[in-house]
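See below for the structure under consideration.
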Amino acid sequence: MFTSLWPSNPPAEPPQENSSQSSPENQSNKIIQNAKDELKYAKRQFESLPVSIVALVSFGLGCAFTVSGSMIYVRHGKRIKNTDWITPNHLEKGRWIRGVVTRHCVELVNQTLHVRIAGVDAPEQPHFGKAGQPHADESLAWLRQKILGKVVYCQLIRRDQYQRVVSNVHLTPRVLPGAIFSGKNLALEMLRSGCAVTYEQAGAEFGKVGKEEYLRVEAEARDARRGLWAKGAPRETPAEYKRRHSDSATPEPTVTGRVKRKGQVQKPTGWFTRLFG
């Protein structure tokens, strides 16, 4: 007699999972449906609130958006037409502004702002009947090629005696947005190319990098004989040039026939001297 090795009813096969239910498309549809259900629930909850509460919340949100929009406009959107529009608060906080470099200065929507680049001193161009310094033309040509007609970002520092705004000037970043990230420091680029020397007179400003970095980059250009260092150290720095001509100034007749006092220096003109005078 033989005994069956199998039970009277064979074991049922495990249920197979429906592949269509676990597909990525169905999962995404399920997530979307859940989100819709939550939105409907939130809508019902909001509609059940008293009208006074809804009005108060709406008013609060409106005020918040208005205040934040005004703050963003004042900080990033308000136009500065000229130097007179710069307040002490702008200088104290070191506000950044954006502008396009024109022939004479930085232009801000058909208005101009005369800027002096902080931390550097470039060879002087001839003016007021005085001969210019060696390499002045080359430095001017380099600067024009670098920034003329281009957007720059200026961190406001202070006004000088000629009502120019001394600023840390940065170029536009190549890839990242300039409103968030800083481009190359223009003053350091001038030192690196040998187009200027470090400004070490009273009131010099060097920004976050500090004076040591300016002197290091200047020494690097000097050792490599770039720009004004091509033939060794210049005979006279821009500061010494201006000091010499200031000390040797003689009385000159003015338009009204009056005589200027000895040592009085006329306000410089021209875009290069406005930047580096």
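Inside region 196-215, residues that are over 16 Å from Lys184 (Cα atoms) and not small (Gly, Ala, Ser) make up a count of 9.
Could you check region 137-183 and list, in sequence order, the residues that are among the hydroxyl-bearing types (Ser, Thr, Tyr) and open to solvent by 30 Å² or more (accessible area, probe 1.4 Å)? Correct list: Tyr153, Tyr162, Thr172, Ser182.
Just one of (1) over 20 Å from Leu113 (Cβ atoms); (2) surrounded by fewer than 17 Cβ atoms within 10 Å (Cβ to Cβ); (3) acidic (Asp, Glu) fails for Glu124. It is (2). Among the residues of region 232-249, those that are open to solvent by 40 Å² or more (accessible area, probe 1.4 Å) and touching a residue at least 24 places away in the same chain (Cβ under 8 Å) comprise Pro234, Arg235, Thr237, Lys242.
The residues on offer are Gln16, Gln33, and the sole one that is over 44 Å from the mean Cα position of the chain (by Cα), open to solvent by less than 100 Å² (accessible area, probe 1.4 Å) and either modelled with pLDDT of 80 or more or not small (Gly, Ala, Ser) (or both) is Gln33. Scanning region 49-64 for residues that are in a loop (DSSP other than H, G, I, E, B) and at pLDDT below 80 yields a single hit, Leu49.
For Gly270, state whether it is over 24 Å from the mean Cα position of the chain (by Cα), modelled with pLDDT under 95 and closer than 20 Å to Lys146 by Cβ. Yes; evaluated as a whole, the condition is true for this residue. Exactly one residue among Asn26, Asn89 is open to solvent by less than 70 Å² (accessible area, probe 1.4 Å) and at pLDDT 80 or above, and that residue is Asn26.
Is at least one residue of region 65-85 modelled with pLDDT of 80 or more and open to solvent by 80 Å² or more (accessible area, probe 1.4 Å)? No, because not a single residue in region 65-85 is modelled with pLDDT of 80 or more and open to solvent by 80 Å² or more (accessible area, probe 1.4 Å). Mind checking whether some residue in region 197-206 is open to solvent by less than 20 Å² (accessible area, probe 1.4 Å) and either of a type in the set (Asp, Glu) or at pLDDT below 95 (or both)? No, the conditions are met nowhere in region 197-206.
The values are calculated or read from the model by the stated rules, or taken from the named source; none is laboratory data. Computed from a predicted structure; not experimentally measured. FYI the Cβ positions are ideal-geometry reconstructions off the backbone, even for glycines, and counts take in every protein chain you see. Heavy atoms of the whole protein, side chains included, go into the accessibility calculation; ligands, DNA and RNA do not. Shrake-Rupley method; radii C 1.70, N 1.55, O 1.52, S 1.80 Å.
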